[in-house]
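Bear in mind that the values in this text are calculations on the coordinates, not laboratory data. Computed from a predicted structure; not experimentally measured. Counting neighbours? That spans all protein chains shown, and the Cβs are built from the backbone with ideal geometry, glycine included.
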Amino acid sequence: MRQRADTAHTGRSCIRASPPPIMRGERGLRMAAAWSQRDRWVAAATATLALGLLALDLRMPLGVAVGALYSLVTLLALWSSRRWFAFVVAGTCTVLTAVGGVFSPIIHGFPVWMAVSNRALSLVVIWVPLLFFLQYQRAQEALRRAYGELEMLVQERTRELAKVNRALVEEISERMEAEQRLRESTDALQESQRALEGSRQELRALAARLLTAQDEDRRRLSRDLHDDINQRLAMLAVELEALERKLRSSPDLIGPGLRSLLDRVTELSEDVRHLAYQFHPSILDDLGLPIALQRLVDDFSAHTGVQGRFSGRARTESYPLDIARSLYRVAQESLGNVARHAKASLVEVELTDEDRGLALSVRDNGIGFDPVRTNAGGGGLGLVSMKERLHLVQGTLEVRSAPGQGTAVRAWVPLSGRTT
């Protein structure tokens, strides 16, 4: 930022220092007139000084190095605005030095080589300052050109940095806006997730209430079927038997029809009893889960013809009623799936205590299925019902199967000291 400000200040100073073209022309004319006057003054001064030194040189003996004073004339000529003037003066001084060497008085006995060396040294003194000054001017011009190029590069770099700075500011602004939108989206997503989790909890609570209500309705319906309709059918069967005994006097007329009616009433009573047992087996409440599962497997084999085996290695016969009901319904639903889909000849049900919980497994040797395709299709309602029932008692459900390799269903429920 400081470098950009300094560059901008330098640019403004250059702009202020540049006058209009007309003013530059007028100033140039005035400067040309002034320089011409100075050049005339320098020319007159150098000529006067050179002639004075020549007169002095001609009066001095040959061995005196008066020619070295001609360097003052050369240095004075450097004040001229015309570069060639200094070379002309240096050449003139060289000629005057030679003239002085020729016409100066000769001292007898003075070595000639010393006089020649003095004149040569005078020439060196005349030309060396001029050459150094010219080299200095060239260096100054190169420095001015380099400074101008550097100034142009600095201005160009300043413009590039300004563009980059603007682009950077725009990018930072865009990123800040994107981050703000991302934070808003994240907040909205978190709010949606919280709402979804709340809805999921509400659905689970609703499912729990529905399953509980379903169990209560089944118990009530089972009790009504058993206590009311089944009792009435049993009384009807008793009355029919009494009527049959009374009408033995004419068995050919009423006996066969009455016997057929009695058989149908007995069959109906048995169906109602079985239906009541399916809704809610009283044996589960009275004798416990292992005996209820044994009875369930026996009834399954009797009705489907599929060989069923039950093995129970539980340490107790009594479990909390909610756990017993959940595992019983899982076994009931699994056996129903075997009867409907598995085409199995053998099914094994096992109840064991393991991992500080109660495990129920149902295995068959049926045709099996592809769990991936079943899960992709959403699964059946029976599978969902089993999972929800086990979720109510913090249990888990695992289903393993493969085409042609049967199916194994394993349910596990933690006991956590809840055995009653």
- Query: Nearest 20 debye, what's the magnitude of the dipole of segment 290-356 about its Cα centre given +1 on Lys and Arg Cβ and -1 on Asp and Glu Cβ?
  - Reply: 160
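Assign one of three labels to segment 284-414, namely rounded, prolate or oblate, based on the Cα gyration tensor with a ≥ b ≥ c the square roots of its eigenvalues; rounded applies when a/c is under 1.5, prolate when it is not and a/b is larger than b/c, and oblate otherwise.
Working: a/c = 1.87, a/b = 1.26, b/c = 1.48.
Oblate.
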- Note on the structure: Per the 1/(1 + (r/R0)^6) rule, R0 = 22 Å and r from the Cβ atoms of Ala47 and Arg138, FRET efficiency to 0.05 is 0.20
- Thr266 versus Arg295: modelled label distance in nm, points set 7 Å from Cα along the beta carbon direction: 2.2
